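In what follows, a structure is listed as structure tokens, so that the remarks can point back to it.
The values are calculated or read from the model by the stated rules, or taken from the named source; none is laboratory data. Everything quoted here is computed from the prediction, not taken from an experiment. No Cβ is skipped: glycine too gets one built from the backbone with ideal geometry, and neighbour counts run over all protein chains shown. Surface accessibility is based on the protein's heavy atoms, side chains included, excluding ligands, DNA and RNA. Shrake-Rupley method; radii C 1.70, N 1.55, O 1.52, S 1.80 Å.
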Amino acid sequence: MTDCIFCKIVSGEIPSKKIYEDEDIIAFHDINPQAPVHFLVIPKEHIVSAMEVNAENSGIIARCFEVIAALAKKEGLSEGFHIINNCGEKGGQTVMHLHFHVLSGRSLGETLV
Ligand code: 5GP
Ligand code: ZN
């Protein structure tokens, strides 16, 4: 996807503060952090949103959660953190490339869910 910001981050065309990378996944700091710790974990493959997850690509989503767990340990988040996925326009998604927000160090409102 040539006009996708996160695909450009994957290719290196747009710089990012990367904290993890493997063949299928990267994680990097959010440019506009909403908490003291705020990074994004994304599949390198251009999956538009959680609505596009299917039997063919769900393995990569499972791997995103493995990476989140490993990074949480590495970044010292053992006391807990938020994982947020905004899905679709009405779900507040602004970048149409599936991503998981990982936030820690600030309560995000315990009444949301
Ligand atoms: P969404 O609203 O789609 O769930 O989240 C998109 C996130 O991507 C936002 O938190 C926003 O700050 C972040 N973001 C948008 N553009 C860039 C960018 O160029 N670099 C980085 N590191 N984050 C970005
Ligand atoms: Zn993309």
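Checking each residue in the stretch 6-18 for being open to solvent by 90 Å² or more (accessible area, probe 1.4 Å) and either under 12 Å from His97 (Cα atoms) or among the acidic types (Asp, Glu) (or both) picks out only Glu13. Pairing each residue of the stretch 48-63 that is of a type outside the set (Ser, Thr, Tyr) with any residue that is more than 16 Å from ligand 1 (Cβ to nearest atom), provided the two are 6+ apart or on different chains, yields C-beta distances under 6 Å for Ile60/Asp24. Of all residues being more than 16 Å from ligand 2 (Cβ to nearest atom) and aromatic (Phe, Trp, Tyr) in the stretch 58-113, which is farthest from Asp24 (Cα to Cα)? Just the residue, please. Only one residue fits best here, namely Phe81. Take the conditions (1) modelled with pLDDT of 95 or more; (2) in contact with a Phe, Trp or Tyr (Cβ under 9 Å, 6 or more places away or on another chain); Gly105 misses just one of them, which is (1).
Looking across the stretch 38-69, the residues that are part of a helix (DSSP H, G or I) and either open to solvent by less than 60 Å² (accessible area, probe 1.4 Å) or within 22 Å of Asp3 (Cβ to Cβ) (or both) come down to Ala50, Met51, Glu52, Ser58, Gly59, Ile60, Ile61, Ala62, Cys64, Val67, Ile68, Ala69.
Going through the stretch 16-26 one residue at a time, which ones are hydrophobic (A, V, I, L, M, F, W, C) and within 15 Å of ligand 2 (Cβ to nearest atom)? I'd like the intermediate steps shown before the answer.
Residues of the stretch 16-26 that are hydrophobic (A, V, I, L, M, F, W, C), as a first pass: 19, 25-26.
Ile25, Ile26, listed by residue number.
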